[in-house]
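The values are calculated or read from the model by the stated rules, or taken from the named source; none is laboratory data. Predicted model, so just to flag it, every value in this text is computed and none were measured. Every residue, glycine among them, receives a Cβ derived from its backbone with ideal geometry; neighbour counts consider all protein chains shown. These accessible areas exclude ligands, DNA and RNA; they are computed on the full protein's heavy atoms, side chains included. Shrake-Rupley method; radii C 1.70, N 1.55, O 1.52, S 1.80 Å.
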Amino acid sequence: MNVKEVLDDARKVLADSNIEDAPLEAEVLLRDTLKKDRVGLYLALDDELSTEQQNAFRDRLARRLDDEPTAYILGHREFYGRDFLVDASVLVPRPETELLVEKALEIARKHRLFVIAEVGTGCGAVAISLALELPHATVYANDISASALEVARTNSRKHGVSDRVHLLRGDLLDTLPEPVEMVVANLPYVRESDLPRSGPVSREPRLALDGGTDGLDKIRRLCIQAQAVPGSGGYLLLEVGEGQARAVSAFLRGLFPPAEVEVTPDLSGIDRVVSVMLP
Ligand code: GLN
């Protein structure tokens, strides 16, 4: 079979299994198998695949059909213009989380903030992006999962920021060795009852997705902790799920009465980032 036939076939197989973006997914998996970029693949449409290549591609396709996220199969994912290693111990970075980075950068630059914490860092994409965009900043990044921190460590070395991204194991703000000026977090916020039983998200760590009955267990706990951290009075930026911004804003106003809460929508128009300056 040649590249075009294999590609057409895979697109159909994925589409028949109701996999979203089947044409693109098939292409990405085939490019990874053949080690070709987009242009290279389309220049090679008439090339015959070796048996070895066909088997390797069939293996990738089978994993995807078995609900494994493409990012895990490839072992990496692009985020904020850079490449991050990922595996099954971390959530795959989502495009909408780039808004959290953008908002954090905007606030950090405007108010000249240099000490930042990211809570629940996973593969480290947010913390490392912040460190790279803010060359004078120190970033504390923690996670409760040791295996996630291993991935973050590899990424922070890969991007040359391991001297400024301090990885800490622990729960929420418990681990911070010094007061910080900004706390950024993409905590688990999926309602327990909404956790998917199939599809690629079902293969991601539940620990990174499960936000309890209304999805806000972890977020509320972080807000309460932020209130108790001595010398806080910095900025708190939270990614939230669809329909949660209002409840989170109200909760924050209740905890920090004079605080002004800002809500920023993502590119799909979903209120995605809630930010507040703590009094
Ligand atoms: N955006 C993710 C999803 O919908 C959830 C990420 C999170 O819980 N922080 O799958």
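Apart from one condition, ALA146 fits all of (1) more than 16 Å from the ligand (Cβ to nearest atom); (2) closer than 19 Å to PRO205 by Cα; (3) in contact (Cβ under 8 Å) with a residue 24 or more places away in the chain; the exception is (3). Checking each residue in the range 22-37 for being under 12 Å from LEU7 (Cβ atoms) and either surrounded by fewer than 16 Cβ atoms within 10 Å (Cβ to Cβ) or in contact with a Cys (Cβ under 8 Å, 6 or more places away or on another chain) (or both) picks out PRO23, LEU24. Quick check on the range 5-64: of everything there that is outside any helix (DSSP H, G or I) and in contact (Cβ under 8 Å) with a residue 12 or more places away in the chain, which residue is nearest to ARG77 (Cα to Cα)? Out of the qualifying residues, it is ILE19.
Of the candidates LEU172, LEU176, LEU195, LEU209, the single residue that is under 18 Å from ALA108 (Cβ atoms) and either open to solvent by less than 50 Å² (accessible area, probe 1.4 Å) or within 14 Å of the ligand (Cβ to nearest atom) (or both) is LEU176.
Looking across the range 125-141, the residues that are over 12 Å from VAL101 (Cβ atoms) and either under 16 Å from the mean Cα position of the chain (by Cα) or of a type in the set (S, T, N, Q) (or both) come down to THR138, ALA141. Within the set VAL126, VAL92, the sole residue that is closer than 26 Å to GLU178 by Cβ, in contact (Cβ under 8 Å) with a residue 40 or more places away in the chain and either open to solvent by 10 Å² or more (accessible area, probe 1.4 Å) or within 16 Å of the ligand (Cβ to nearest atom) (or both) turns out to be VAL126.
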